[in-house]
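The values are calculated or read from the model by the stated rules, or taken from the named source; none is laboratory data. These figures come from a predicted structure and were not determined experimentally. In this analysis, Cβ positions are derived from the backbone assuming ideal geometry, glycine residues included, and neighbour counts consider all displayed protein chains. The protein model used for the area step is the full one, side chains on, heavy atoms only, and it has no ligands, DNA or RNA in it. Shrake-Rupley method; radii C 1.70, N 1.55, O 1.52, S 1.80 Å.
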Amino acid sequence: MIRHRPFGSGHAYQPSIDQRVPVRPPTGEPVNLGVAAAATVTAVRCEWDGGTFDLAKDGAATGPVAGAEGHLASAAAGHRGRSVRWSADSPPLPPGRTVRYRFVATDGTVTRRTRWFQVSGAAWSPTGGTLTTHGESRIVPGSVSWLADGEGVHRVRFALRLDGGEHVLGFGERFDRLDQRGHAIDATVFEQYKGQGAAGRTYLPMPFAHVLGGTGWAFHVDTAERTWFDIGDAIQIEADVVDGRLDVHFLDGSPGENLARWLDRVGRPERLPDWVFRLWASGNEWNTQARVTAEMELHRRHDVPVGVVVIEAWSDESTFTAFRDAEYVVHDDGSPHRLADFAFPAAGAWPDPKGMVDRLHERDVRVLLWQIPLAKMRPHPTGQAAADAAAMVREGYGVQEGDGRPYRNRGWWFPLALMPDFTNPKARDWWLSKRRYLVEEVGIDGFKTDGGEHAWGHDLRYADGSVGASGNNRFPVEYAAAYGDLLRSAGRAPVTFSRAGFTGSQAHGVFWAGDEDSTWEAMRSSLRAGLSAAACGIVHWGWDLAGFSGPVPSAELYLRATALSAFLPIMQYHSEFNHHRTPSRDRTPWNIAEQTGDARVLPVFRHYAHLRERLVPYLAEQAARAVDTGWPLLRAVALAHPHEPEAWAHPFDFQLGDELFVAAVLEEGATTREAFLPPGRWTDLRTGETSDGGRVVTVDAPLEEIPVWCRREAIDRHRGLLG
């Protein structure tokens, strides 16, 4: 009938209708108090510090938003619910003491009361906590301040000095811009469905950045709590704190040196097998063995070499451990199955999954299966899914809420699902044991570790002692690490394919940029994300070539995106579920050719797929060098040459390893490309012309081509790369 949660649902950017705002209100100021009530409630009042005041109804019940496109968008809209918000501002909070309050709701003749809550005014003070620096500190003297209330110290703020010509690059995967100077951002893991750049949100944040253009230094705010950065004349930082303590590390040297030293602390990437650098293919509607087999055959028939197929819609969409239509006996205790426990009907969706994987391996195609770190609870689970959920609750394998109940997903995708606690060794082993047969017996080569952003709430408890954001932001790191360990234990390389992460994710597999539309701005946004992620130590990174959502891209966008992707660490295409409607929205080159009617699509895509095969040895070598030295494989020219003003004026120019420079065409209708050629001697791989770098050049860029140069001393190695 009525609900109040002082901290709300835990949504990082949108207050819940039932929370107080701000959560930590200042002393002497009122706080806005909200409750969610049933539509039948006629009055709500607050009993506050010995007095009472009435709340006002804010508006009608909210429901799904009409016109949302895509299954994730629909889920997000439906999550809004149908409660009515009542709210009011409290009296000013008195200094030095705690106020108790509760709410009373009337529904006709029925009166309901919430439990009592407490709040005290917070104030900033120059003392109260401990800020420890490591290395040469850049903290502005007198800038440190601590936010505390009657419950303790909650946040610190301080400033780092910046010189006039310095730029700030990093903070994990950032879609909005390369140089963050002049902008304000935060670092919290969040599932932003499309439009990440415009929203200023990211799946893969890190509170680490390079300060470039001056003496050259970097810093890391050493926490998994939420942090905020306002980068102007100085870097203004706020950070939530645990136990009133925070460490900040400062690093001096070149970007590569600073990155190497930081990765030594937080976790270095590791070398992955060469096959990860080949073309990856995927479509959410490839949901049968016959469809996957047909798509792989079409690659062969059209002479488009493919190295990896990612199968998303393989499972029963309930347990996410059994193939759809497989027959088996439910294990009531939640124990794992082996391959021999399953029967695969000939008329089912996957009549012979092991045979399919074996045949793909014979064609030199590796197989990844999709995963989600949730035990689905809607609709109400039955069969093995119900048994697994019961085991999670009975054994305490899930992340817990503050009151000891199992956490139920507060996000919009798979709402109310249970979430495994990968910091609990027993929970981790149990969860992975149910997937072990897929690796050891079916023979798959890796997992698409999707959806690591579901941990919402300040009160979540983890087995390793983490509480709230400290565990929530680390959740995708632990998730990918767990699946990587499963693969290692079965003699496989730890190839996970994630979109979410945080500090420490560098050590765990492959990443992609997440959900995006097929637009030119999305392509630019994704490249920014890759360049900033790479500056923070992510080696194996790619994006959904030309976007995965909505109508198919134009032929021009698709081919420009193909050319770009051929020169990124990971080249892969993928398409969103579209309810099997026609026309198809698959991002295969043959479907794009058919839908656009452009005869150039297939031969040009084929050209770049073969180019990619020729590039694999170089990518493998340079990725190993990135792992060893810290210098990114995907390297913004501004990172490599921070004292060159033109490098910052051309933020999309990048080096691929030490020897290649790429100037992808990112504007619709463009037939030329202006680029800043880095210092050195460079040979245009299209024309063979050698030029001095350190200057801006303008070159022709017809649709079928991408401007690429190599260092003059490496020309013999790369001659003929472009075909």
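Does Gly404 satisfy the criteria of being of a type in the set (Gly, Ala, Ser), closer than 21 Å to Trp456 by Cα, open to solvent by 10 Å² or more (accessible area, probe 1.4 Å) and outside any strand (DSSP E or B)? Answer is yes for this residue.
Within segment 1-21, the set of residues being in contact with a strand residue (DSSP E or B) (Cβ under 8 Å, 6 or more places away or on another chain), in a loop (DSSP other than H, G, I, E, B) and open to solvent by 60 Å² or more (accessible area, probe 1.4 Å) comprises Met1, Pro15, Ile17.
The residue that is farthest from the chain's Cα centre (by Cα), among those in segment 668-685 that are of a type in the set (D, E, K, R) and surrounded by 17 or more Cβ atoms within 10 Å (Cβ to Cβ), is Asp684. When segment 409-424 is filtered for residues that are within 19 Å of Val467 (Cβ to Cβ) and without any contact (Cβ under 8 Å) to a residue 60 or more places away in the chain, the ones remaining, listed by number, are Asn409, Leu418, Met419, Pro420, Asp421, Thr423, Asn424. Scanning segment 132-142 for residues that are in contact (Cβ under 8 Å) with a residue 24 or more places away in the chain and either under 15 Å from Ala159 (Cα atoms) or basic (Lys, Arg) (or both) returns Thr132, Thr133, Glu136, Ser137, Arg138, Ile139, Val140. Per the conditions (1) in a loop (DSSP other than H, G, I, E, B); (2) farther than 14 Å from Gly452 by Cβ; (3) not hydrophobic (A, V, I, L, M, F, W, C), the sole criterion not satisfied by Ser526 is (1).
For Gly471, the stated conditions do not hold, so it cannot be described as within 22 Å of Pro415 (Cα to Cα), in a loop (DSSP other than H, G, I, E, B) and open to solvent by less than 10 Å² (accessible area, probe 1.4 Å). Remark: pairs (first residue in segment 590-604, under 14 Å from Pro551 (Cα atoms) and open to solvent by 30 Å² or more (accessible area, probe 1.4 Å); second residue assigned to a helix (DSSP H, G or I) and at pLDDT 95 or above; Cβ separation under 7 Å; 6+ apart in sequence or on different chains) = Thr596/Ala555.
Would you be able to say whether some residue in segment 191-203 is among the charged types (D, E, K, R), in a loop (DSSP other than H, G, I, E, B) and without any contact (Cβ under 8 Å) to a residue 40 or more places away in the chain? Taking every residue of segment 191-203 in turn, none turns out to be among the charged types (D, E, K, R), in a loop (DSSP other than H, G, I, E, B) and without any contact (Cβ under 8 Å) to a residue 40 or more places away in the chain. Comparison of Val365, Val357 shows that the only residue that is surrounded by 12 or more Cβ atoms within 10 Å (Cβ to Cβ), touching a helix residue (DSSP H, G or I) at 6+ places or on another chain (Cβ under 9 Å) and within 21 Å of Leu432 (Cβ to Cβ) is Val357.
The number of residues in segment 247-272 being of a type in the set (A, V, I, L, M) and either more than 25 Å from the chain's Cα centre (by Cα) or modelled with pLDDT under 95 (or both) comes to 1. None of Thr288, Thr319 is in contact with an Asp or Glu (Cβ under 7 Å, 6 or more places away or on another chain), of a type in the set (S, T, N, Q) and either modelled with pLDDT of 95 or more or within 30 Å of Arg174 (Cβ to Cβ) (or both) except Thr319.
Suppose we keep only residues that are of a type in the set (S, T, N, Q) and in a helix (DSSP H, G or I) within segment 286-337. Which one would you say is least open to solvent (accessible area, probe 1.4 Å)? Applying the filter and picking the extreme gives Gln289.
Return the only residue of Val399, Val365 being of a type in the set (A, V, I, L, M) and within 30 Å of Val304 (Cα to Cα).
The match here is Val365.
Out of His183, His167, one residue alone is open to solvent by 30 Å² or more (accessible area, probe 1.4 Å), closer than 24 Å to Leu531 by Cα and touching a Lys or Arg at 6+ places or on another chain (Cβ under 6 Å). It is His167. So Gly150 fits all but one of (1) at pLDDT 95 or above; (2) farther than 25 Å from His134 by Cα; what number is the exception? Every listed condition holds for Gly150 apart from (1). Listed by position, the helices (runs of 4 or more DSSP H) enclosed by segment 581-672 that each have at least 3 residues that are of a type outside the set (D, E, K, R) and closer than 21 Å to Arg278 by Cβ are 589-596, 601-629. Apart from one condition, Thr503 fits all of (1) in contact with a strand residue (DSSP E or B) (Cβ under 7 Å, 6 or more places away or on another chain); (2) open to solvent by 10 Å² or more (accessible area, probe 1.4 Å); (3) assigned to a helix (DSSP H, G or I); the exception is (3). Pairing each residue of segment 90-101 that is closer than 20 Å to Val35 by Cα with any residue that is part of a loop (DSSP other than H, G, I, E, B) and open to solvent by less than 30 Å² (accessible area, probe 1.4 Å), provided the two are 6+ apart or on different chains, yields C-beta distances under 6 Å for Ser90/Val31; Leu93/Pro25; Leu93/Gly121. The set of residues from segment 506-523 being open to solvent by less than 10 Å² (accessible area, probe 1.4 Å) and in a helix (DSSP H, G or I) comprises Gln506, Ala522, Met523. Of all residues in segment 338-354, those satisfying the criterion of being in a loop (DSSP other than H, G, I, E, B), out of contact with any Phe, Trp or Tyr (no Cβ under 8 Å at 6 or more places or on another chain) and open to solvent by 70 Å² or more (accessible area, probe 1.4 Å) are Ala346, Ala347.
Conditions (1) surrounded by fewer than 19 Cβ atoms within 10 Å (Cβ to Cβ); (2) in a loop (DSSP other than H, G, I, E, B); (3) out of contact with any helix residue (DSSP H, G or I) (no Cβ under 6 Å at 6 or more places or on another chain); (4) modelled with pLDDT under 95, marked per residue:
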position	(1), (2), (3), (4)
Thr133	yes, no, yes, no
Gly142	yes, yes, yes, no
Val156	no, no, yes, no
Arg177	yes, yes, yes, no
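Each residue in segment 121-131 was checked for being without any contact (Cβ under 8 Å) to a residue 60 or more places away in the chain and assigned to a strand (DSSP E or B), and 2 of them qualify. When segment 639-665 is limited to residues that are under 19 Å from Leu611 (Cβ atoms) and under 26 Å from the mean Cα position of the chain (by Cα), the one that is surrounded by the most Cβ atoms within 10 Å (Cβ to Cβ) turns out to be Phe654. Note on segment 82-114: residues that are polar (S, T, N, Q), farther than 15 Å from Ala56 by Cβ and part of a strand (DSSP E or B) total 2.
Of all residues in segment 245-272, those being assigned to a loop (DSSP other than H, G, I, E, B) and surrounded by 16 or more Cβ atoms within 10 Å (Cβ to Cβ) number 6. Among the residues of segment 113-131, those identified as among the polar types (S, T, N, Q) and open to solvent by 70 Å² or more (accessible area, probe 1.4 Å) are Gln118, Thr127.
Note on segment 412-461: among residues that are closer than 24 Å to Ile311 by Cβ and small (Gly, Ala, Ser), the one that is surrounded by the fewest Cβ atoms within 10 Å (Cβ to Cβ) is Ser433.
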